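As structure tokens, the structure follows; a few thoughts come after it.
The values are calculated or read from the model by the stated rules, or taken from the named source; none is laboratory data. None of these values were measured; they are calculated from a predicted model. Cβ: placed from backbone, ideal geometry, glycine included. Neighbour counts: every protein chain shown.
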Amino acid sequence: MADYHGDRRPTASPGFDLSALTRDQAAAIHEVVVETRIVQRDDGPPVIVSKAKFKLADKRAALVDLGKHLRLFKDRVEHTGKDGGPVEVKQYTDIEAARWIGRLLCKVAGPAKTDEGSRPARPVPGTATLNIGPPPRD
């Protein structure tokens, strides 16, 4: 902001000298608003008060726009398979999916806890034991 202000000595009249700006400094100005009003004083003549506000351009937004224009940022993510080919998706049957889910739940839950004095359940005679493991590979 000091680049845009005029002479900063206390004896100098305050103000902005925009004619002395370089081309780069002038390009950074986004908006200039000057308000002038007359203030009546009790002990003398009225005084003209000028108030200047200016906004500088947003540097970060300009850099982001430039980066998007040069395609430095990815707006979307593309997934590819091995060696840039298509992603291979294997379809599982409901039984195979249930086995995978059961296997993952067993890993997350850890070993089953037993209460003191309780016995683990015994299999019912004549029923098959369900083997939860990975699905067979082709």
note = Flagged in region 11-40 as at pLDDT 85 or above, in contact with a strand residue (DSSP E or B) (Cβ under 9 Å, 6 or more places away or on another chain) and of a type outside the set (A, V, I, L, M, F, W, C), in numbering order, are His30, Glu31, Glu35, Thr36, Arg37, Gln40
request  = Please list, ordered by first then second residue, the pairs with beta carbon atoms under 6 Å, 6 or more apart or interchain, first in region 43-58 and without any contact (Cβ under 8 Å) to a residue 60 or more places away in the chain, second surrounded by 11 or more Cβ atoms within 10 Å (Cβ to Cβ) and of a type outside the set (Lys, Arg).
outcome  = Ala52/Phe16; Phe54/Ile29; Phe54/Val32; Leu56/Ala28; Ala57/Ala28
ask   = If we keep just the residues of region 74-100 that are within 34 Å of the chain's Cα centre (by Cα) and in a helix (DSSP H, G or I), which is surrounded by the fewest Cβ atoms within 10 Å (Cβ to Cβ)?
value = Asp83
request  = Kindly check whether there is at least one residue in region 44-59 that is part of a loop (DSSP other than H, G, I, E, B), of a type in the set (Asp, Glu) and out of contact with any strand residue (DSSP E or B) (no Cβ under 9 Å at 6 or more places or on another chain).
outcome  = no
